[in-house]
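The block underneath contains the structure these notes are about, expressed in structure tokens.
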Amino acid sequence: MRTAALSFLCFFLWNAITFAQNDLPVAWNFSTEEVGENEYNLIFTADIEDKWAVYSQFIEEGGPIPTTFYIEEGDHFEALGKIEESEENRKVTQDPVFDMELIKFYKQAVFTQRVKVTDASTPIKGYLEYMTCDDEQCLPPTEVDFNFEFKADDGKPVDWAFSHKKVGEGEYDLILTATMDKDWSIYSQYLESEDGPIPSSVNFEAGAHFEAVGKTEEAAAKPDDKKAGFDKIFEMNVVKYFNKAIFTQRVKVSDDSKPITGYLEYMACDKEQCLPPTEVDFSFALSAAAAGSTAVVPPTSGEGGKPDFLNWDFGNTETLTSCDDQKVVEEVSDTSWLTIFLLGFGGGLLALLTPCVFPMIPLTVGFFTKSSKDRSTGIRNAVIYGLSIIVIYVALGLLITSVFGADALNLLSTNALFNIFFAILFFVFALSFFGLFEITLPSSWANRTEALSDKGGLIGIFFMAFTLSLVSFSCTGPIIGTLLVETATGGGPTIFGRIPVGPLVGMLGFSTALALPFALFAAFPSWLNSLPKSGGWMSDVKVTLGFAEIAFALKFLSVADLTMGWKILPYEAFIAVWLICALGLALYFFGFIKFPVNYTMPKRTPKRMAIGVVALLLGAYFAMGFQYNDLSKTFTTPPLLSGLAPPAGHSYIYPNKCPLNLNCFKDFEEGLTYAREVQKPILLDFTGHGCVNCRKMEDQVWSQDGISSIISDEYVLISLYVDERKKLEEPYVSIFDGRLRKNVGNKWADFQREYFNRQSQPYYVLVNPNGGSDAKSLSVLNAPVAYTPDEGAYQSFLECGLDRFKTAKR
């Protein structure tokens, strides 16, 4: 169990790093094979790097994500049977990560779907989802788009397909595949004489951004498809390829944003004739930037090549002012630098109180004071020891900071799978705090660092600090993991507009709190006498943290539930579990229950009874969440749980589709049509299911009588959820990064970014639906605002927009 818990933590860190770098060990290629009249095989080929594996379609529940294919339905084709998978490279093995028997593919996996095509002019499109793992970790589930085109018969007996595969850092294999009609063949690149047929050749346009590594290799798809012998037509020995031939050129690329282009030349013959030499152009786009505007699925038609929903005109939003002449309110981070530092500092203080760290304080300080020549040397060594702790933990924060970007943050904060994983991780942390097992690192690591600490000097002191970090991991690991997850996915300050510094700042706060006592007690050793003695109170700290971990695990389960629309964790269940945690904590301190971390049943003391009463009061506070609210026609969320609990309307008993039971639209065009009918201004609410500050605004600001009545009576509310996972009927290609967008949340995120140059939520825009004579023309009434907890300021914002709307109507 200890190993499994550690695997979970390593799984999280490694996945985040690898996914953010977008360096995947699997390359997918797609091709078609004609097998009869209007019948084709759609062939999905995964080329897999060494030691990595892709899973079968047939995986039991509770294991990894199986390889799954989602083909868009249409009248232009009919699927014949199910998708088959190759037997070659297929292995049934006991998986060490998931501890179950699984079917894996190594090196290459081939999946085939036979179809009958009734309209060859229409491609067959869709996407596949797969998960890849090696023996130590797994990468996040990845979606790959595919697009099979069926070209009309051009009379040419050879079709060419082009793909590429990354084989190393900056190295790729460019793969050119020729598929020949029956009885037709092409010739090898290497012929014994120039007087014979035209050999196949691959010719690249020179460029400084790449260089060829070796010669172009050639091979037949099957051994029998390559034939060498005497050719009667040309009276010489030749090498021919039938059915399918594969040409591979390895290249070393210095700039993958530029495509690699060129042409190939070949000559095709059958038993009776040879066709003239033919040239075919090719272009390998190794990155999205190189692909340019050529995407798998073209954008929805609209002006300027944009999707239709990005062809509105909101006017100039940069010069807008509010009624008090304030310009547009800048984005407000969910969490400030200082708040994150203080959260980290608090985590460090908690770590100090655990059994793994607290007893080390007097031992370590005593070592420095007794082993040093004088008091000043002891203080200096203790300060270096503390600074080493800071360097170690800040380095961990810097690692996480450097690999997270805007895309990774969005995935981590809204993806159901990741949120479920984080919830499981927090449950594991809770069980560890309760004493069911310990999360420890390999003992060899601690032994090695301890040996290095004996060297003395600055290096020795540094490795003493490193040893403390390793041996205390069973207590600090869950706190660090919680801090990293919260700061990486919970918003916060960024640098360069996209790199979050939350993990870095959080680790700085954590390590400062952890290191400070060692320096202070070394400077003032008499203070050691004031320290409480180690004892059962440290187990109380761990049990309290265990209940907190369970409570916060529900936050991640709630985000997954909201974004996917499952409703398996409604508001009532969330509040009930938090209430149970508070009551469980009270029972523990009252001495009615104990956990494996306790050697004996805890004694009832005045202090413990007082803490138990506080826990009961906390439970009573959580129970207030079941109060009925006449205004919203549902429950009332306690302020401390606002943003942590799901919206009160996410309920089985009193369900509401919109915040506070307000009338709202969740599609812009539908809301706009209604606003024009009733001649009311629009409150455009960019929000998210997992947005903490959005819930705080709804629960604490919108719920005020004056504000609620203005929104309900004077505005048409359009709430656009940027993390909504509902599939779009018509996927489109984003104008921002060229990637295919498949869900509703992607659409509204691009909508906000295009018109208002903002990517954070909440964000509120007041819109006049009658912006001009053009049906696409709108106007923004005043400066938009972000998170505005000041009720008076937000009401003024609404009233300002309403006044300007009424003035414009006159």
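Figures for the structure shown
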quantity: Qualifying residue in region 180-192 (condition: modelled with pLDDT of 85 or more, farther than 28 Å from residue 48 by Cα and of a type in the set (S, T, N, Q)); calculated: yes
quantity: Pairs, first at pLDDT below 85 in region 115-142, second basic (Lys, Arg) and open to solvent by less than 30 Å² (accessible area, probe 1.4 Å), C-beta under 9 Å, six or more apart; calculated: 133/104
quantity: Per-region count, region 245-276, residues within 12 Å of residue 175 (Cβ to Cβ) and open to solvent by 40 Å² or more (accessible area, probe 1.4 Å); calculated: 2
quantity: Odd one out for residue 549 among (1) open to solvent by less than 50 Å² (accessible area, probe 1.4 Å); (2) modelled with pLDDT under 70; calculated: (2)
quantity: Among (1) touching a strand residue (DSSP E or B) at 6+ places or on another chain (Cβ under 9 Å); (2) under 27 Å from residue 801 (Cβ atoms), the one test that residue 631 misses; calculated: (1)
quantity: Of the criteria (1) of a type outside the set (Asp, Glu); (2) assigned to a strand (DSSP E or B); (3) over 30 Å from residue 118 (Cβ atoms), which one residue 28 fails; calculated: (3)
quantity: Residue match in region 236-246 (condition: modelled with pLDDT under 80 and either of a type in the set (Asp, Glu) or outside any strand (DSSP E or B) (or both)); calculated: no
quantity: Leading residue by the ranking (least open to solvent (accessible area, probe 1.4 Å)) among those in region 565-580 that are without any contact (Cβ under 8 Å) to a residue 60 or more places away in the chain, aliphatic (A, V, I, L, M) and under 25 Å from residue 721 (Cα atoms); calculated: 573
quantity: Tally of residues being among the small types (Gly, Ala, Ser) and not in a loop (DSSP other than H, G, I, E, B) across region 594-651; calculated: 9
quantity: Subset of region 365-391 that is at pLDDT below 65 and in a helix (DSSP H, G or I) - its residue that is surrounded by the fewest Cβ atoms within 10 Å (Cβ to Cβ); calculated: 370
quantity: Which listed residue, of 143, 218, 149, 205, is over 30 Å from residue 125 (Cβ atoms) and open to solvent by 50 Å² or more (accessible area, probe 1.4 Å); calculated: 205
quantity: Residues that are surrounded by fewer than 18 Cβ atoms within 10 Å (Cβ to Cβ) and either free of Cβ contacts under 8 Å to residues at least 24 places away in the same chain or within 33 Å of the chain's Cα centre (by Cα) (or both), drawn from region 35-44; calculated: 36, 37, 43
quantity: Matching helices (runs of 4 or more DSSP H) fully within region 685-798 where at least 1 residues are open to solvent by 50 Å² or more (accessible area, probe 1.4 Å) and in contact with a helix residue (DSSP H, G or I) (Cβ under 7 Å, 6 or more places away or on another chain); calculated: 705-714, 744-756
quantity: Residue within region 657-677 that is open to solvent by 40 Å² or more (accessible area, probe 1.4 Å), more than 30 Å from residue 72 (Cα to Cα) and touching a Ser or Thr at 6+ places or on another chain (Cβ under 9 Å) present; calculated: yes
quantity: Lone unmet requirement of (1) touching a residue at least 24 places away in the same chain (Cβ under 8 Å); (2) open to solvent by 30 Å² or more (accessible area, probe 1.4 Å); (3) closer than 21 Å to residue 422 by Cα; (4) not small (Gly, Ala, Ser) for residue 618; calculated: (3)
quantity: Every residue from region 172-181 that is more than 10 Å from residue 247 (Cβ to Cβ) and either free of Cβ contacts under 8 Å to residues at least 12 places away in the same chain or in contact with a strand residue (DSSP E or B) (Cβ under 7 Å, 6 or more places away or on another chain) (or both); calculated: 172, 173, 179, 180
quantity: Strands (runs of 3 or more DSSP E) lying entirely in region 160-227 (those with 3 or more residues that are under 17 Å from residue 286 (Cβ atoms)); calculated: 171-180, 210-220
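Residues are listed down the side, and each one gets a yes or a no for (1) more than 26 Å from residue 541 (Cβ to Cβ); (2) within 34 Å of the chain's Cα centre (by Cα); (3) touching a residue at least 12 places away in the same chain (Cβ under 8 Å); (4) crowded, with 17+ Cβ neighbours inside 10 Å:
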site	(1), (2), (3), (4)
563	yes, yes, yes, yes
582	no, yes, yes, yes
586	no, no, yes, yes
601	no, no, no, no
628	yes, no, yes, no
638	no, yes, yes, yes
641	no, yes, yes, yes
649	yes, yes, yes, yes
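The values are calculated or read from the model by the stated rules, or taken from the named source; none is laboratory data. Remember, predicted model here, so these are calculated numbers, not experimental data. Note that we place each Cβ from the backbone using ideal geometry, even for glycine, and neighbour counts take in every protein chain shown. In case anyone asks, the SASA skips ligands and DNA or RNA and just uses the protein heavy atoms, side chains included. Shrake-Rupley method; radii C 1.70, N 1.55, O 1.52, S 1.80 Å.
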